[in-house]
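Structure, as structure tokens:
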Amino acid sequence: MKKLFLYWFLFFLFSNGYAQTTRSLEQRADSILRLMTLDEKIGQLNMETGNWDATGPILKSGDKIIAIKNGEIGSMLNVKGAKNTRYIQSLAMQSRLKIPLLFGLDVIHGYKTVFPIPLAQAASFDTATIRKVAEVAAKEALASGIHWIFSPMLDVAHDPRWGRVMEGPGEDPFLACAIAKSMVEGYQKPQHGLHLMACAKHFAAYSAAIGGRDYNTVDISEQTLQNLYLPPFKAAVKAGISSFMCSFNEINGVPSSANRKLYDILYNDWHFKGIVVSDWGSIGEMVTHGYSKDRQQAAQQALSAGVDIDMESYCYTDFLKKLIQNKSIDESLIDHSVKKILMQKLALGLFDDPYRYCNEKREKEDILSPENKAVALNMARKSIVLLKNTNNLLPLKTVRHIAIIGPLGNSSRDMDGNWVVLSNQPIAVTLLEAVKKRFPDATVDYVKGCEIQGSDRSNFEAAISAAKKADVVLLALGESWDMSGEAKSRGKLTLPGLQEELATEIYKVNPHTITLLMGGRPMIFNKIAKQAPAILYCWWLGTEAGNAMTDVIWGNYDPSARLPMTFPKEMGQIPVFYNHKNSGRPPVDVKGNYSGRYIDIDYKPRYVFGYGLSYTAFRYDNIKVSHDKDSITVTMELTNTGNYDGTELVQIYLHKKWGEITSPVKELKGFQQIFLKKETSRLITLKVALSDLSYYGVNSWRSASGDYTLFIGKNSDDTIYQTDLQL
Ligand code: NOJ
């Protein structure tokens, strides 16, 4: 009789009951929860990799097919493609309660259409295009059965040795908040009646790893945590993000996987209602951290702190039942997490149709479409930073004889960068391909000159000879795709191998050399910075890399990007960042005792945050600043005085002169991109919300008040205008 009732109830639930019911998600989740055994509940808290292209060390072997059919797995990662996800989902449909699986994936900068790496996108300062990029990435993922993407990565980073700076928004929390909002809105926008769950990661302060070594210890003040690292995560919650992923690191002795303080902020201060997933194996790693006595205690600590899903450490599946039996945790704790997961699955419509996200037809139409590539090209052009342009060498006009030199001149895989979903099928347009296509009648020579790494100079002569013969040289240098990313910390940020030497030889023989630097982080290239006539910083630009570079080189697009991270001059300066404090004895340029300078190296970086040139020039007139109880208003007349149409990034920085705690010397608090045709002007208005000036003081949040200096600058160092304000 009991069994009969169960079948009837399941029929009601999955055939028409759920589709038509008007009951709230919560009530619906409750009714499913009531049917579940403890084992089935624990299964929902378990996420496993599909074993295809694992993105972490595989800890367990075993038959996943049986585990899915037994309801022992609630979500999977690294399963992709409509066919695969459909098949795996069909296994879940053979489980007792037919609870659909969630499929999660690291769609970090695009699914099949690869966009510039997130740090490059941040350089665009163009939040509307970033939103569009997220929307397209979501559209492609949605077509192939993915419900959940592990992005945006919101780790504000001050240390370029850390390889994961490539995945993030750069060094400034205000820019990071704007990016967080755009990405969440773009990813989670409903498309074809479907929507993705985005995931804010890595919660928190992962980038503050000591020495820039991945996964390393983090020891920071409460103020640094609250004022620098947490704001983008709060912005993601405000934008309605569905999920969070915790970070691998500890903060001040407590790993993020069980850091109650973090989850208190997330759930109680920010009222986050979504789900939290651990990072890969991070719950079990609390034993190695020396925090948990064993994996059983790790499971107890993580779940009690608020981590709902265990990704690939199997601590929940191995120990939660035992922890309930010995009364170390209450089953209501498990119910709470399971209910949140069920609510997400219900909201995605998976109980109505578990296969609604796997659609081979949409997969063909929506992936790598011409429209998607157009978005990739637009984003790539907007991500390129012009660092140097002696005698206005750029944009180029000459097209008769071009030499492309350097190991990155024709490397499709490197153009995609790290963290690409379909890395085995690189399709990025290289510089060589783009130049040949653009100028079919020109002579285009390509010589590698040297490899990215290594000490073989046997190809130098050929490169020098090609450079001598050409009207113009495009010199493509930098990191290979696998030199930035997870576990890719570097202790030397100079260009690898012989590349800088090669550059020096080329500059000697051809003064019309454009240097294109590519990589996932700020690098150190002092000789190039001094000797090169023109430098474009191109990061890793993705599918449309070559086309974007040639558009900028030949002036179809005026470079509008600005650096989202400070570029050091010397390794010994790291960490070096613009939003630092003053100290009582700030460094001074003159030699002498008792200032905060180095005695053996310069203390100033190579390029500052917000730096970047344009082909045209802008003049700022009639600047006026006023304020009321809610905001500061800045008005000005901006004129494009140069010879090209172009985009200026107006940057507003504030400094709080004194207060309950000291403040950074400058903090970005407003920016706006203004496109102006040449020889035209526009009146513009920027607002700075006073709420954006609030800060965490000695032990609580403080609102804006007191004495400030406001700066309007072309970058964080070059001030056009400054005024004092009393708020
Ligand atoms: C570990 C990485 O830290 C995280 O960013 C990623 O989402 C997971 N692996 C899953 O691949």
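Only a single item in (1) open to solvent by 30 Å² or more (accessible area, probe 1.4 Å); (2) within 29 Å of Pro564 (Cβ to Cβ); (3) in a strand (DSSP E or B); (4) not acidic (Asp, Glu) is not met by Tyr446, and it is number (2). If you filter region 163-192 down to residues that are in contact (Cβ under 8 Å) with a residue 60 or more places away in the chain and part of a loop (DSSP other than H, G, I, E, B), you find that the one that is nearest to the ligand (Cβ to nearest atom) is Pro169.
With respect to the conditions (1) surrounded by fewer than 14 Cβ atoms within 10 Å (Cβ to Cβ); (2) at negative phi, Glu679 lacks only one, and its number is (2). Pairing residues of region 298-324 that are farther than 26 Å from Ile265 by Cα and aromatic (Phe, Trp, Tyr) with residues that are within 16 Å of the ligand (Cβ to nearest atom) and open to solvent by 10 Å² or more (accessible area, probe 1.4 Å), at Cβ distances under 7 Å and at least 6 apart in sequence or on separate chains, gives Tyr314/Leu59; Tyr314/Lys60.
With a requirement of 1 or more residues that are farther than 30 Å from Ala120 by Cα, the helices (runs of 4 or more DSSP H) lying completely within region 273-387 that satisfy it span 285-289, 295-305, 315-325, 331-347, 360-366.
Screening region 193-213 for residues that are part of a strand (DSSP E or B) and within 16 Å of the ligand (Cβ to nearest atom) and picking the one that is surrounded by the fewest Cβ atoms within 10 Å (Cβ to Cβ) gives Met197. Ser278 meets all of the listed conditions (1) of a type in the set (Ser, Thr, Tyr); (2) more than 28 Å from Leu101 (Cβ to Cβ); (3) within 16 Å of the ligand (Cβ to nearest atom) but one, namely (2). Only helices (runs of 4 or more DSSP H) wholly contained in region 60-162 count here; list those with 2 or more residues that are away from the ligand (no atom under 16 Å from the Cβ) and crowded, with 24+ Cβ neighbours inside 10 Å. Where helices (runs of 4 or more DSSP H) fall fully within region 60-162 and carry at least 2 residues being away from the ligand (no atom under 16 Å from the Cβ) and crowded, with 24+ Cβ neighbours inside 10 Å, they are 118-124, 127-143. So which of Ile623, Ile661, Ile674 ends up being among the aliphatic types (A, V, I, L, M) and in contact with a Gly (Cβ under 6 Å, 6 or more places away or on another chain)? One residue alone meets the criteria, Ile661.
Please verify whether region 542-564 includes one or more residues that are of a type in the set (Phe, Trp, Tyr), in the same structural domain as Asn424 (by TED's automatic domain parsing) and out of contact with any Asp or Glu (no Cβ under 6 Å at 6 or more places or on another chain). Checking region 542-564: at least one residue is of a type in the set (Phe, Trp, Tyr), in the same structural domain as Asn424 (by TED's automatic domain parsing) and out of contact with any Asp or Glu (no Cβ under 6 Å at 6 or more places or on another chain).
Conditions tested, residue by residue: (1) closer than 16 Å to Pro533 by Cβ; (2) assigned to a helix (DSSP H, G or I); (3) at pLDDT 95 or above; (4) aromatic (Phe, Trp, Tyr).
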position: Glu451; (1), (2), (3), (4): no, no, yes, no
position: Ser465; (1), (2), (3), (4): no, yes, yes, no
position: Gly485; (1), (2), (3), (4): no, no, yes, no
position: Gly491; (1), (2), (3), (4): no, no, yes, no
position: Pro496; (1), (2), (3), (4): no, no, yes, no
position: Ala503; (1), (2), (3), (4): yes, yes, yes, no
position: Thr515; (1), (2), (3), (4): yes, no, yes, no
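Of the candidates Asp645, Asp630, the single residue that is farther than 27 Å from Ala235 by Cα and among the acidic types (Asp, Glu) is Asp645.
Among residues of region 230-250 being of a type outside the set (Gly, Ala, Ser) and away from the ligand (no atom under 16 Å from the Cβ), the one that is least open to solvent (accessible area, probe 1.4 Å) is Leu230.
The values are calculated or read from the model by the stated rules, or taken from the named source; none is laboratory data. Only a predicted model underlies this, so the values are computations on that prediction, with no experimental measurement involved. Cβ atoms come from the backbone with ideal geometry, glycine included; neighbour counts cover every protein chain shown. When the accessible area is computed, the model is the full protein with side chains, heavy atoms only, and any ligands, DNA or RNA have been set aside. Shrake-Rupley method; radii C 1.70, N 1.55, O 1.52, S 1.80 Å.
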